1. Among (1) at pLDDT 85 or above; (2) touching a Lys or Arg at 6+ places or on another chain (Cβ under 8 Å), where does THR20 come up short?
2. Examine the stretch 90-108 for a residue that is surrounded by 18 or more Cβ atoms within 10 Å (Cβ to Cβ), more than 18 Å from ASP34 (Cβ to Cβ) and in contact (Cβ under 8 Å) with a residue 40 or more places away in the chain, and state whether such a residue exists.
3. If you take just the helices (runs of 4 or more DSSP H) that sit entirely in the stretch 75-160, which of them hold at least 3 residues that are at pLDDT 90 or above and farther than 23 Å from LEU54 by Cα?
4. Hey, could you check the stretch 53-74 for residues that are in contact (Cβ under 8 Å) with a residue 60 or more places away in the chain and part of a loop (DSSP other than H, G, I, E, B) and say which is surrounded by the most Cβ atoms within 10 Å (Cβ to Cβ)?
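The values are calculated or read from the model by the stated rules, or taken from the named source; none is laboratory data. This is a predicted model, so every value here is computed, not measured. Cβ: placed from backbone, ideal geometry, glycine included. Neighbour counts: every protein chain shown.
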Amino acid sequence: MRTGLQLVLLSVRTMVKSSTKEQGQGMVDVDDKDLQVLIVEDEQLLNEAYARVLAAANIALLRAYNGKEALDMLKKQTPDIILLDLRMPVMDGIEFLKKLKPKENLPNGKIIVFSNYDDQREIDEAFSLGAMHYMLKAWATPDELVKLIREVDNASQPVS
């Protein structure tokens with residue numbers, strides 16, 4: 001039986017292979033992308049894998065490795081969606097959500113929590129602080145992640 005971390009690493013390998021097959025090694029110019037997502041993920045391998053998957057789907061990227069970096073980035077940039085991990089060093093996702101001023105930093109207020117922890121209390125708190133959706137990393141395929149991001153981009157209410 002595989003552990004959660006092993007499943008995540010397998011999922012990441014699949015994401016990277018899938019995005020590389022679809023787009024080769026080329027990247028689309030940021031000006032040609034129709035959507036901008038801020039990835040807030042402390043694990044470098046995962047951060048890079050999600051970046052490849054989203055770039056292959058014609059989604060522009062901003063990347064941060066903890067909540068503090070993300071808040072600093074939001075002072076200069078306004079992404080359409082934030083893809084947020086919950087458990088990170090320096091500032092975790094819940095603390096980030098508490099400090100985020102959506103009207104100033106994220107006018108659309110579109111946040112997807114993308115975590116490996118299925119703690120209902122944490123999920124409820126993230127929703128109460130403005131998250132629109134919660135997805136478990138270990139079970140998300142690259143296509144499902146891109147589909148969810150597109151659905152959230154087009155939604156004004158939480159996506160179920």
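1. (1)
2. Yes - at least one qualifying residue is present in the stretch 90-108.
3. It comes to 93-99, 120-128.
4. If we take residues in the stretch 53-74 being in contact (Cβ under 8 Å) with a residue 60 or more places away in the chain and part of a loop (DSSP other than H, G, I, E, B), then ILE59 is surrounded by the most Cβ atoms within 10 Å (Cβ to Cβ).
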